[in-house]
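Reading through the structure tokens given below for one structure.
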Amino acid sequence: MQNLKDYYIKSLQDGRNVWLYGQKVDVTTDKHFAGTLSTISNLFTLFDDPIRRDSIGYVSPKTKEFVHTAFLVPNSYNELLMRRTAFETWSYATDGVMSRLSDYARSRLTGWYVSRYFYKKFDAQFPDKITSYYEKARDNHLFLSVVQRDPQINRSTESILNAKNLGLLRVTKETSDGIYLNGAKMVGTASPYSNDLLIYPLAKLTDTQKDLAHFLIVAANSPGLHMVCREPFANANSSTVDSPLSSQYDEMDALLIFDNVFVPWERVLLYEGVAKLINIQK
């Protein structure tokens, strides 16, 4: 594989809709994102170092190339230590202030993969879907984020039952190829730097809210998906001398707005499954 730093940066030049101060921006060239993008992309250079890559990676059984240890399914005490070492290495490299470096999201994905046959009772296709995506994410070094939170709303019972008017993320159309989403999610930490987003509801749903009960993998460059970023901690002129933390470690949070976003069935892990999600949350 080519230089992973360049590979990662180029993967973000995919037509994604990222908004800052009311303007659409390119995260790979906009100065407000430059410091953090440099921090994240430099972590990928560890894979190019024959000595240091052992501290964060292991050999993929499929490609025979080094991949991040967050994807490792531990079968021994030593493999648990390998995972800890990988997380420590990235943490030390970012002075311990970046907690959304994808290792947590990759670990959740790995956990779902390990538990794939448990989830089979909720959806017979879950094992095949999660295995296929897990291997793709692992072997292509995908940077992932988890998005769960709903926009702040009127929490009265009558209001919550009307998801359409509240802007909650919901399924609005189903076809033979997949589903369409409308609504919003927050707080999408590190979403502008991510390749894919793992999305599922955090709130406890009722039986009448099946259009909100989805467990999905959404591409960050999906047409109709807009990432509206908060004001950055760093400005375009921030330096590592005057602003050593904000200039390098601003993970960035975003409100995700879904305007008729299409998700193919292979990325729909659970659909209209209120009871399924409740069991999973337990």
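Read the figures in this text as sums done on the coordinates, not as results from a lab. A quick note: this is a predicted structure, and the numbers were derived from the prediction, not measured. We place every Cβ from the backbone using ideal geometry, glycine too, and count neighbours over all the protein chains shown.
Some notes on this structure:
- Euclidean distance between Cα centres, the stretch 45-66 to the stretch 171-239, Å: 30
- For the peptides 16-22, 246-252, the ranking by packing is 246-252, 16-22, with the highest mean count of neighbouring Cβ atoms within 10 Å listed first.
- For a modelled paramagnetic label at Leu81, 7 Å from Cα along Cα-to-Cβ, the residues of the stretch 45-61 in reach, with backbone nitrogen under 19 Å, are 52-59.
- Around the amide H of Ala220, modelled in the peptide plane, lie the amide H atoms of Asp196, Leu197, all under 5 Å away and 5 or more residues distant in sequence or on another chain.
- Potential extension, Thr131-Asn221 segment - 0.36 nm per residue separation minus Cα distance: 30.2 nm
- Those residues of the stretch 189-207 whose amide nitrogen sits under 17 Å from the label point placed on Tyr104, 7 Å along Cα→Cβ: 189-203
- Farthest towards the positive end of the charge dipole of the stretch 4-281, among the residues Val218, Leu270, Thr39, is the Cα of Leu270, using unit charges on the Cβ of Lys, Arg, Asp and Glu.
- Counting only residues at least eight positions apart within a chain, or on another chain, the lysines with an alpha carbon under 20 Å from that of Lys64 are Lys5, Lys136.
- Considering only the chain, percent of DSSP beta bridges that pair antiparallel, nearest 5: 80
- For the chain, the alpha-carbon radius of gyration amounts to 1.02 times the rule-of-thumb value 2.2 N^0.38 Å expected for a compact globular protein.
- Förster radius 35 Å - calculated FRET efficiency between Val97 and Ser176 (Cβ-Cβ, nearest 0.05): 0.15
- Net charge of Cβ neighbours under 15 Å - reference Thr89; Lys, Arg +1; Asp, Glu -1: -1
- Local electrostatic count at Ala184 - Lys and Arg +1, Asp and Glu -1, tallied over other residues with Cβ under 11 Å: +1
- Relative contact order of the chain, defined on C-alpha pairs under 8 angstrom at six or more residues apart (%): 21
- Sequence-distant residues sharing a close amide H with Asp250 (under 5 Å, placed H): Thr36
- Panel order for Leu277, Leu80, by other beta carbons found within 10 Å of each beta carbon, from fewest to most: Leu80, Leu277.
- Projecting the alpha carbon convex hull of the stretch 43-124 along each direction and taking the average yields 6.5 nm².
- Charge dipole (debye, nearest 20) of the chain; +1 at Cβ of Lys and Arg, -1 at Cβ of Asp and Glu: 720
- In terms of other Cβ atoms within 10 Å, Ile51, Ile179, Ile153 run from fewest to most in the order Ile51, Ile153, Ile179.
- Sequentially through the stretch 97-110, phi angles give Karplus couplings (6.51, -1.76, 1.60; θ = phi - 60°) of 10, 10, 9, 10, 8, 6, 4, 5, 5, 5, 5, 5, 4, 4 Hz, Gly and Pro residues having no value and appearing as x.
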